[in-house]
């Protein structure tokens, strides 16, 4: 008999993964080239060659008993030092190796932070639309998410609604910019406003409220948008990062948590996060990947690949009459459903082998998400199918 928690998790299983699996089954029937799967954020551009070279060199030149062995639960000290140095260089921060904990991706990172800070009944504020797994991560520790609606013109957070959502039970706020699923980059004005509200509410409730910055798409920005590092806006900020997108390594599950010294009782928090890494069963981040990413800390993914896809898809869809939020970052496009019930729209799109993800999976109905991290030629060929879909809804002649 399954536990009540896992029964609940099964009932709310990821719509993204479900669509991805459906796409694989459809491809087996009609051919992968005939399926336009925009469901999963799985990079279609390879890891930098330097990453592969680093892995080969490590395997050839490093004592395997060292390379594949245990280390501190927070990760190799030299790897953490390399990451700290890189962050200090890029963002004028003041990190040392002791401020970094290597994690099993951003998801593992969020879970060990939640384990360290959340008690049953605590509330975690999220800005809609949001990555749906946040709800499951909070539920792992008997806490609850509290969604805050966006400004529907810009999809920046609604700061008035945010302030009203904070209560004595608020323990953390998650910010994800560039945002999954909209591709929106939160402005410095938005982040400054969030920081000011949190500082005021900490004093009002006489408690720590953490701002958790979930940053797997930090480097994926376009049209002159700047990479930002959010610790400058608020003292109790924890940063979670993944190399899944910046180095096209989603299956390798490697990332880190950074806790600045400005965080209240930073040493105690870091000790708690390190223990959580062990007792949740991660023990430590994968040893080989730790060493590999440290050798490639200056490398980046092929941003031009995503930018080209972004432009082709956005321009193609808007010409067909669809209403889209123009993404400034990540590799997602947020499209307004031409009918109120976006699940009906998603079902209709399947008639043309277009696989989209319903917006309600991200806490924001009436929209759908497209992940454009696919081969460019697939996007180009999909526009004929989108044209048929647009005509069905009388968006174009």
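Which members of the range 92-111 meet the condition of being in a helix (DSSP H, G or I) and surrounded by fewer than 17 Cβ atoms within 10 Å (Cβ to Cβ)?
Within the range 92-111, the subset in a helix (DSSP H, G or I) is 97-99, 105-111.
Correct list: 98 only.
Yes or no, residue by residue, for (1) under 26 Å from the mean Cα position of the chain (by Cα); (2) free of Cβ contacts under 8 Å to residues at least 24 places away in the same chain; (3) not in a loop (DSSP other than H, G, I, E, B):
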| site | (1), (2), (3) |
| --- | --- |
| 364 | yes, no, no |
| 373 | yes, no, no |
| 384 | no, yes, yes |
| 388 | no, no, yes |
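Looking at the range 1-84, what helices (runs of 4 or more DSSP H) fall wholly within it and have at least 3 residues that are surrounded by 13 or more Cβ atoms within 10 Å (Cβ to Cβ) and out of contact with any strand residue (DSSP E or B) (no Cβ under 6 Å at 6 or more places or on another chain)? I'd like the intermediate steps shown before the answer.
Numbers: elements: 4-11, 15-30, 49-61, 64-67.
Once the helices (runs of 4 or more DSSP H) in the range 1-84 are filtered for at least 3 residues that are surrounded by 13 or more Cβ atoms within 10 Å (Cβ to Cβ) and out of contact with any strand residue (DSSP E or B) (no Cβ under 6 Å at 6 or more places or on another chain), what remains is 15-30, 49-61.
For the structure I just gave you, tell me whether residue 252 is crowded, with 20+ Cβ neighbours inside 10 Å and within 23 Å of residue 44 (Cα to Cα). Break it down stepwise before answering.
Details: crowded, with 20+ Cβ neighbours inside 10 Å: yes; within 23 Å of residue 44 (Cα to Cα): yes.
Taking the combined requirement at face value, the residue satisfies it.
Got at least one residue in the range 125-148 being over 27 Å from residue 266 (Cα atoms), in the same structural domain as residue 249 (by TED's automatic domain parsing) and without any contact (Cβ under 8 Å) to a residue 24 or more places away in the chain?
Yes, that holds for at least one residue.
Which members of the range 239-259 meet the condition of being touching a residue at least 40 places away in the same chain (Cβ under 8 Å) and in contact with a strand residue (DSSP E or B) (Cβ under 7 Å, 6 or more places away or on another chain)?
240, 241, 242, 243, 255, 256, 257, 258, 259
Of the residues 339, 346, which single one is under 22 Å from residue 130 (Cα atoms) and over 26 Å from the mean Cα position of the chain (by Cα)? Can you show your working first?
Details: 346 fails: over 26 Å from the mean Cα position of the chain (by Cα).
Of the residues listed, the single one that is under 22 Å from residue 130 (Cα atoms) and over 26 Å from the mean Cα position of the chain (by Cα) is 339.
Every residue, every condition in (1) in contact with a helix residue (DSSP H, G or I) (Cβ under 7 Å, 6 or more places away or on another chain); (2) over 27 Å from residue 4 (Cα atoms), yes or no:
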site	(1), (2)
67	yes, yes
76	yes, yes
125	yes, no
147	no, no
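Residues of the range 177-200 being surrounded by 19 or more Cβ atoms within 10 Å (Cβ to Cβ) and more than 11 Å from residue 234 (Cβ to Cβ), which ones?
Result: 177, 178, 179, 180, 181, 182, 183, 184, 185, 186, 190.
The values are calculated or read from the model by the stated rules, or taken from the named source; none is laboratory data. Just so we're clear, the structure is a prediction, and the values are computed from it rather than from any experiment. For neighbour counting, all protein chains shown are included, and Cβ atoms are generated from backbone atoms with ideal geometry for every residue, glycine included.
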